[in-house]
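The values are calculated or read from the model by the stated rules, or taken from the named source; none is laboratory data. As the structure is a computational prediction, the values presented were derived from the model and not from experiment. Virtual Cβ from ideal backbone geometry, glycine too; neighbours counted across all protein chains shown. We work out accessible area using only protein heavy atoms, side chains counted, and drop any ligands, DNA or RNA first. Shrake-Rupley method; radii C 1.70, N 1.55, O 1.52, S 1.80 Å.
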Amino acid sequence: MQPPSPPADDRSEMPHEVQTAGGLRPGVSAEVARRTGVPEAHVYGTSSFFHLLADPDTKVRVCTGLSCQLAGSHELLAQAQASGLPAKGCSCLAACDAPPAVLRDRRVLTEVTPADVEAAAGDWRRLVAAHAPDEASERRWRGHVGPERSEEQPLAMDLLAEPDFTGAAFAQAGAWGVERLVEELKASGLQGRGGAGFPAHIKWNAVSNEAETTRYVVLNADEGEPGTFKDREVLLRRPDLVVEGLAIAAQAIGAQDIYLYLRGEFELPWRTIEAAIATFQGNGHGTDLRFHLHAGHGAYICGEETALLEALEGKRGMPRLKPPFPTQVGLWGKPTLIHNVETIACVPAIVRHGGAWFRDLGRTEPGTKLYCISGHVVRPGTYELPLGVTLDELVAAAGGYVGELKAFSPGGASSGFLPAEQRDLPLDYGNLAKAGSMLGSAGLVVLNQDANLRDAALEQLRFFSAESCGQCAPCRIGTRFLEEAVERRKRQGVGPEALDQVAEIAWQMNEGSICGLGQAAPLPLTSALQYFPEDFAEDAAR
Amino acid sequence: MTQTTPESTGTAPAPQGTLFLDGEAHAFQPGETILEVARRAGKTIPTLCHDPRLEPAGACRTCLVEIEGMRRLMPSCAMPATEGARVTLESARIDRHRKSLLGLYLTDHPEAETVAARRRPNLLLDMAERYEAPTDWPKMAPLRASRSGDTNPYIDFDAAACILCARCTRYCDEVESVSAISLAERAAQTTIATADSRSLLDTTCEMCGGCIDTCPTGAMAEKRPITLGAKHEQELTKVRTTCNFCGVGCQLDLNIDPEADAGRGRIVKVTSPPVGTTTNDGNLCVKGRFAYEFVHHNERLTEPLVRDEQGQLVPATWEEALARIAEGFGRVKERHGADSLAFVSSSRCTVEENYLVQKIARASMGTNNVHQCAAT
């Protein structure tokens, strides 16, 4: 007999119960333990892992991501705290295109100004972004997207187009069946857009061929890689693509339950996707499928697929050992197809136009890609361009550079920094990997001549050491060690010996860490040291 | 014991496989991990988070090995042995990995003198010495919270010495099913906590002390030896004995300070025999691990006492005492009949002792009124 799935001891609702109870205050663990049957220590241990649950009294969180920092978020945070707001810094809020971003409770406010903070007069409920036009709040968080679709430039996702709930791709995929679908995916060359670039068709095929017939589809919408906000844009503008892509996936692999894990700060994208599911099924498509929305509670690491599965099961978001991979042992131990928002959003176009069509959209690698660009550019935003464009082409779409290019981070904090001389590299998975970096989530941050790379690297190290799940020593201790080493170096009178252990510890973190967070975390520092040693000199800007 | 043959149960014997450890062929049974095969073959693979009683965690990263065809170093504790796998246990890469990993651990761990105050073995420091890990990397003050207000009498947690291997929490979950403690917080603040950081007395904790037994660094330690300033475990003499609190027969090690009490020796604490060596597999309960103070208690009876004509208890020989009992029982039986007597044996009795109690009741006293206090 197969065990019931979700299992009888399903605790996936537990974190939500803690949120409903007002967060982790004394007594809440006991109350939620009584209600859910989850051991009290586990309620406490899990809730204390997630910042939004662990610290319910901090109502204002100012993003300290690199792009927000360039826009003055540190000063804004100091001002907020001085004004009496219950404020702390936080990791990237996926709003790098409209900095500085501030999280008020679970709502992201963009382009918050000192005047906005002043107007709140210490009352977090009164904190609003005065720039926001007075229209539907869902529209407020939409950033710049482009380009327009044209004859010369067909697009797979086309963020400017109206949502399409005809279900045509879903019907077409149903008519094809899983084998043809996997063939088309293979022909499309679609690589996972979450960061790893793993060929999508291999996962679909693997899950389909598992002996276990209870299978799940999981959407990874825990977008948190600093510099990345494309999934937010897809969820806000084209939730139809996500819902239809998920339905196609579930139908293909024989799954009935689809779990959508949205980061807790995605209050607005939650609404658009919820409405899109209702519209899609309201039109009579995939009515036998069950969509389950789950909110994250503030932990970057849950964007790692196995940490996400743990969090979805109501546990601490600590990555699992791989192998086994989620396609074999996934959610509640069942074969699970897990994809990033953008990957799933490419599926309807592949079904409609065929795999070959999608492949031809790319330049050096298959397909178009949503590039997020922020930092020192005129019009930060999300741009759907052929995979393999150069930085200059991307920045041209974003209105040009502000100042003179000094360095860029091609794929989120995890990709480190590259110098201006590498501006002609095709921005794709293969070429960036060869350059010792990665495309990752394609969250590009541009730094101009005013930036100091020691300080930029330090910001990224702070991020990683705050977001390490704490499970394995190389990452837990290594991220903190590197952060403290750079801080020592910044101090007056401390010489280069402060960085003596960096190379060896970076090697250890890459070799020894369980997951990609720890493996990639040294890269901002090692790449900054490699390309910009002068920024680490004694007299560099402090 | 009956032997079941594959024919009698209808299942084929599981096929054994062969893998290669540093080039040598070794047979394995299905379900074994690389670590298990290697240890059976007498190979040394260091581990900190491994406890054979627990599901592998692969978290401490000390047991990483190279497996042909896999780019990354893999945790041998969690990797199943597979047919034909070629595993490298010793290489320059693995050596470098161990050194830098252990060096990193040391930056986040107290100095040897400080951890010695825990009076428990510290596998991390031993391992760092064995593999010549760098000791001169800058130290960082631990950010992990302890539970300083925990007034429970037995279990002390010093977060500074903790390496987050989570053996204690996994033991509490997987072996005891008690779940009194959990990993809490995250990043450098990750620690072992109770709900709301309460005292263990106010949780589901049963004070079995298994967390102490499994802890590789002494972060979890016996409280009394610390507060009483006892000697370090290494200086104590271990005496294997059978727990006499109930009939299960758990083996435990009395840790004796031979010089204490004017050379008569004194039990300082009780520890578990190594996992896998005794029937209780290192598991003990609160009584076995912590209730040893009666041994040296000044009110403990060490000889038989009988009442004199004034009703005062005075020392007697065993013969006198047993004769007094027989005489008293006989008087009651004569006056009120055998069924006016009842016998209740202690839960500390073994099966054999219980047998003897019922034999006294039935054969010499003639009553079936016999019970055992652990029966319900």
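Structural remarks
- Antiparallel bridges, percent of DSSP beta bridges restricted to the protein assembly as shown (to nearest 5): 60 percent
- Across the accessible surface of region A:48-145, with the other protein chains kept in place and a 1.4 Å probe, carbon and sulfur atoms take up 48 percent.
- When Rg and the Kirkwood Rh are both derived from Cα coordinates, the Rg/Rh ratio for region A:60-132 amounts to 0.90.
- B:THR278, B:THR237, ranked by accessible area, largest first (probe 1.4 Å): B:THR237, B:THR278
- A cut-off of 5 Å between modelled amide H atoms, ignoring neighbours fewer than 5 places along the same chain, links A:TYR371 with A:TYR383, A:GLU384, A:LEU385.
- Here, region B:241-340 yields an orientationally averaged convex hull projection of 10.2 nm² when only Cα atoms define the hull.
- Packing rank of A:292-302, A:107-117, B:23-33, where each peptide gets the mean count of other beta carbons within 10 Å, highest leading: A:292-302, A:107-117, B:23-33
- Residues whose placed amide H lies under 5 Å from that of B:LYS269, excluding near-sequence neighbours: B:ASN255
- Inter-chain Cβ neighbour average for residues A:28-41, partner chain, 10 Å: 4
- Sparsely packed GluC sites (Glu not before Pro) within region B:85-189, loop by DSSP, other Cβ within 10 Å at most 13: B:GLU111, B:GLU132
- Normalised radius of gyration (Cα atoms, divided by 2.2 N^0.38 Å) for region B:233-296: 1.10.
- Nearest-0.05 FRET efficiency for B:VAL275 and A:ALA121, computed from C-beta distance (R0 56 Å): 0.35
- The mean sequence separation of alpha-carbon pairs under 8 Å and at least six residues apart, normalised by the residue count of chain A, gives a relative contact order of 14 percent.
- Two-site label geometry, A:ARG352 and B:GLU90: point separation in nm, points 7 Å out along Cα→Cβ: 6.3 nm
- Taken over the C-alpha atoms, region A:365-521 has Rg and Dmax values of 16.4, 51 angstrom.
- Mean per-residue shielding of peptide A:42-52 is 5, counting Cβ atoms of other chains within 10 Å of each Cβ.
- Between region B:49-64 and region B:244-299, the alpha-carbon center distance in angstrom: 28 Å
- Basic side chains Lys and Arg get +1 at the Cβ, acidic Asp and Glu get -1 at the Cβ, and with that the dipole of region A:60-132 about its Cα centre reaches some 300 debye.
- Helix-only CD estimate at 222 nm, as mean residue ellipticity for chain A, using -39500 (n - 2.57) per DSSP H run (n ≥ 4): -11500 deg cm²/dmol
- Share of carbon and sulfur in the accessible area of chain B stands at 53%, probe radius 1.4 Å.
- Mean partner shielding of peptide B:51-62, defined as the number of other chain Cβ atoms within 10 Å of each residue Cβ, is 3.
- Computed with a 1.4 Å probe over protein heavy atoms only, the accessible surface of region A:368-448 comes to 24 Å² per residue.
- More than 39 angstrom apart: percent of Cα pairs within the protein assembly as shown: 50 percent
- With the whole protein complex present, B:ASP156 retains an accessible surface near 40 Å², based on a 1.4 Å probe.
- Trypsin sites (Lys or Arg not before Pro) within region B:124-166, DSSP loop, no more than 15 other Cβ atoms inside 10 Å: B:LYS139
- In chain B, helices alone account for a calculated mean residue ellipticity at 222 nm of -6500 deg cm²/dmol, with every DSSP H run of four or more residues adding -39,500 (n - 2.57).
- Extension gain from B:CYS373 to B:ARG240, taking 0.36 nm per residue of separation minus the Cα-Cα distance: 45.2 nm
- Counted charge near A:PHE165, where neighbours are those whose Cβ lies closer than 9 Å (Asp, Glu -1; Lys, Arg +1): -3
- Buried surface between chains A and B: roughly 3800 Å² of accessible area, summed over both sides, computed with a 1.4 Å probe on protein heavy atoms only.
- Solitary cysteines of chain A, where the nearest other Cys Cβ is not under 4.7 Å: A:CYS90, A:CYS92, A:CYS96, A:CYS302, A:CYS346, A:CYS372, A:CYS469, A:CYS472, A:CYS475, A:CYS515
- Under the criterion of Cα pairs below 8 Å and six or more residues apart, the relative contact order for region A:278-367 equals 12 percent.
- For region B:139-227: relative contact order, % (alpha-carbon pairs under 8 angstrom, 6 or more apart): 39 percent
- Amide proton proximity set for A:SER12, modelled H, under 5 Å, gap of 5+: none
- Protein accessible area in region A:270-349, 1.4 Å probe - carbon and sulfur %: 53 percent
- Seen from A:LYS88, the other residues with C-beta closer than 12 Å to its C-beta sum to a net charge of 0, counting Lys and Arg as +1 and Asp and Glu as -1.
- Estimated Rh, chain B: Kirkwood, alpha-carbon pairs, angstrom: 24.9 Å
- Sparse packing (at most 10 other Cβ atoms within 10 Å of the Cβ) combined with a DSSP loop state is found for the following trypsin sites (Lys or Arg not before Pro) in region B:269-320: B:ARG300.
- Between B:THR44 and A:ALA175, the distance separating the two model label sites (each 7 Å from Cα on the Cα→Cβ line) works out to 6.9 nm.
- Each principal axis of the Cα atoms in region A:453-536 has its own extent, and those three values, largest first, are 35, 21, 20 angstrom.
- Rounded to whole numbers, the Karplus 3J(HN,Hα) couplings from phi for region A:28-40 are 5, 4, 5, 5, 5, 4, 4, 6, 9, x, 6, x, 4 Hz, using 6.51 cos²θ - 1.76 cosθ + 1.60 with θ = phi - 60°, and x at Gly and Pro.
- Overall, the ratio between the Cα radius of gyration of region A:368-448 and 2.2 N^0.38 Å, rounded to two decimals, is 0.93.
- The residues of region A:43-90 have, on average, 31 Å² of accessible surface per residue, using a 1.4 Å probe with all protein chains present.
- Other residues within the sphere of radius under 13 Å centred on the Cβ of A:THR382, judged by their own Cβ, net out at +1 (K and R +1, D and E -1).
- Under Karplus coefficients 6.51, -1.76 and 1.60, residue-wise ³J(HN,Hα) of region A:523-534 in Hz, glycine/proline x: 4, x, 6, 5, 6, 5, 5, 5, 9, 10, x, 5
- Cys residues of chain B that find no other Cys beta carbon under 4.7 Å: B:CYS63, B:CYS77, B:CYS162, B:CYS172, B:CYS205, B:CYS208, B:CYS215, B:CYS246, B:CYS285, B:CYS349, B:CYS373.
- Taking the square roots of five times each eigenvalue of the Cα gyration tensor of chain A, the equivalent ellipsoid has semi-axes of 34, 28, 24 Å, listed largest first.
- Where a label projected 7 Å from the Cα of B:ALA25 along Cα→Cβ would reach, residues of region B:66-90 with amide N under 12 Å: B:84
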